[in-house]
Amino acid sequence: PRAEDAVAGRELFRAEACDAILAVGGGSVMDMAKLIKCTAGSRESVEDICRGKAPLDENGIPLLAVPTTAGSGSEATRFAIIYLQGKKHSISHPSIRPTHAIVDPAMSASMPPAVAAATGMDALAQAIESFWAVGSSEESRAFSVQAIPLLLENLEQAVSSPTPASREAMAVGSYLAGKAINLTVSTAPHALSYHLTSRYGLPHGHAVAMSLGQFFSPNSGGDGVALHDPRGREYVRSMSRKLWKLLGQDSAEGCRELWYGLMRSCGLAERLSEIGMRDEGEVDGLVASVDPERLKNNPAALDGEALKSLLLQRF
């Protein structure tokens, strides 16, 4: 979603004296609808609102979201992403969460395999990240516990030979993952994804998936790894074991292999060299792009060198 499109959308909303916003599409469409909603009645520029320099417009404009992918979960969240001059900015406010959502698996019937793969990995990533996040809670984990088996068991079929049953499972799983991430906010894999999208053109879900498998080990609470989570090392270890079990594994390494094997089976490149990264210097650029504040929701406290080491393993 780009600023110039949000400006055009706001102008159209005003010119047509619209009463409501209908968003039919994937995550970017949902984000654009949210951006129009939160700027519709403001005299401030879209850019200033999105940079946090001006207040967003908290209004009662109805926003009806109808997802056509099973991945972003944006129909259930208070977040929107926008790119200003190629740099990603986030908006988070309860008022931009859609007032209504219609989650109908028939709407994803014509989704191409590549889109099904990327959006499906995004949904599974959200369910996993919201489970291990510092901001996780019993409520958020309950949504993840429902979402992960649905997504894990149906993703490959939804990509290669979708059936009404697999589409329904992915639609429900994506919605539940959206409800989970709405409560917790994302963690390190999402923080690393935005540069991969803006610099290398990788679809968002694919970009998130590129690094997520690398975080099972550091986020398992092992000795020698500093933690952000104030609930302590034993808590992090306990939650990790529960997450491994949800994924049908008994170790962080097993989860990592499962993750990248799933990417391969869905036809997604799972090496940085496969998407156009050429050398270590580009990994440095990726690490430098991450806002340190966004890493504080990750259970493991990882500095730039630690992130670089994890990413170099994906070459």
Query raised in the report: How much area per residue is accessible in the chain when the probe is 1.4 Å and only protein heavy atoms are counted (Å²)?
Result: 42 Å²
Report task. Evaluate the chain: find the radius of gyration of its Cα atoms, find its Kirkwood radius, and give the ratio Rg to Rh. Result -> 0.96
Query - Residue-span extension gain [Asp104 to Val145] - 0.36 nm each, minus C-alpha spacing - result: 12.6 nm
**Report entry** Added length on full extension, which subtracts the Cα-Cα distance from 0.36 nm per residue, Ser273 to Glu253
**Finding:** 5.0 nm
Query raised in the report: Of Trp244, Trp132, which has the most accessible area with a 1.4 Å probe, and how do the rest follow in descending order?
Result: Trp244, Trp132
Query raised in the report: Rounded to the nearest 500 deg cm²/dmol, what is the calculated helix-only ellipticity per residue at 222 nm for the chain, with -39500 (n - 2.57) per DSSP H run of length n ≥ 4?
Result: -16500 deg cm²/dmol
Report summary line: Scoring the chain by relative contact order with C-alpha pairs under 8 Å, at least six apart, yields a percentage of 16 percent
Report task. Quote the charge dipole size of segment 68-132 about the Cα centre in Debye, to the nearest 20; the model charges only the Cβ of Lys and Arg (+1) and of Asp and Glu (-1). Result -> 280 debye
Query raised in the report: So for His228, His190, His100, what's the accessible-area order with a 1.4 Å probe, most first?
Result: His100, His228, His190
Query raised in the report: Assigning unit charges at the beta carbon (Lys, Arg +1; Asp, Glu -1) and nothing else, what dipole magnitude in debye, to the nearest 20, does segment 202-249 show about its Cα centre?
Result: 200 debye
Query raised in the report: Taking +1 at the Cβ of each Lys and Arg and -1 at the Cβ of each Asp and Glu, which of Cys266, Gly281, Gly41 sits farthest along the dipole of the chain towards its positive end, judged by Cα position relative to the Cα centre?
Result: Gly41
Report task. Before anything else, pin down the relative contact order of segment 131-220: Cα pairs under 8 Å, at least 6 apart, normalised by residue count, whole percent. Result -> 29 percent
Requested in this report: Give, in nm to one decimal, the length gained when the segment between Glu4 and Lys242 is fully stretched (0.36 nm per residue of separation minus the Cα-Cα distance).
Outcome: 81.3 nm
Report task. Using a cut-off of under 19 Å, list every residue of segment 41-78 whose amide N is near the label point 7 Å from the Cα of Lys296 along the Cα-to-beta-carbon line. Result -> 52-53
Report summary line: With Cα coordinates, the longest principal axis of the chain makes an angle with the long axis of helix 138-160, in degrees rounded to 10, of 90 degrees
Report task. Could you work out the local net charge near Arg278, counting Lys and Arg as +1, Asp and Glu as -1, over the other residues with Cβ closer than 13 Å to its Cβ? Result -> -3
Requested in this report: Can you send over the carbon and sulfur percentage of the accessible area for the chain, probe radius 1.4 Å, protein chains only?
Outcome: 52 percent
Query - Charge tally in the Cβ shell below 12 Å around Ala191, where Lys, Arg are +1 and Asp, Glu are -1, Ala191 excluded - result: 0
Report task. Write out the trypsin sites (Lys or Arg not before Pro) in segment 203-285 meeting two conditions: DSSP loop, and at most 14 other Cβ atoms within 10 Å of their Cβ. Result -> Arg231, Arg271, Arg278
Query raised in the report: On a 0 to 90 degree scale, rounded to 10, what angle separates helix 252-265 from the longest Cα axis of the chain?
Result: 50 degrees
Report summary line: Computed for the chain: size of charge dipole around the Cα centre, +1 on C-beta of each Lys and Arg, -1 on C-beta of each Asp and Glu, debye to nearest 20, value 260 debye
Query raised in the report: For segment 1-103, what proportion of DSSP beta bridges, expressed in % and rounded to the nearest 5, is antiparallel?
Result: 45 percent
Requested in this report: Give me the net charge of Arg314's neighbourhood, meaning all other residues with Cβ under 10 Å from the Cβ of Arg314; Lys, Arg count +1, Asp, Glu -1.
Outcome: -1
**Report entry** Coil-residue GluC sites (Glu not before Pro) of segment 9-56, DSSP, other Cβ within 10 Å capped at 12
**Finding:** Glu16
Query - Neighbour-limited loop hits for trypsin sites (Lys or Arg not before Pro), segment 27-91 (at most 11 other Cβ within 10 Å; DSSP other than H, G, I, E, B) - result: Arg43, Lys53
Query - DSSP bridge orientation in the chain - percent antiparallel, rounded to nearest 5 - result: 45 percent
Report task. Using only the Cα atoms of segment 159-287, build the gyration tensor, take square roots of its eigenvalues as a ≥ b ≥ c, and label the shape rounded, prolate or oblate: rounded if a/c is under 1.5, else prolate if a/b is larger than b/c, else oblate. Result -> oblate
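The values are calculated or read from the model by the stated rules, or taken from the named source; none is laboratory data. None of the values given here were measured: they were computed from a predicted structure. As a convention, Cβ positions derive from the backbone with ideal geometry for all residues, glycine included, and neighbour counts pool all protein chains shown. Note: areas computed on protein heavy atoms with side chains; ligands, DNA, RNA excluded. Shrake-Rupley method; radii C 1.70, N 1.55, O 1.52, S 1.80 Å.
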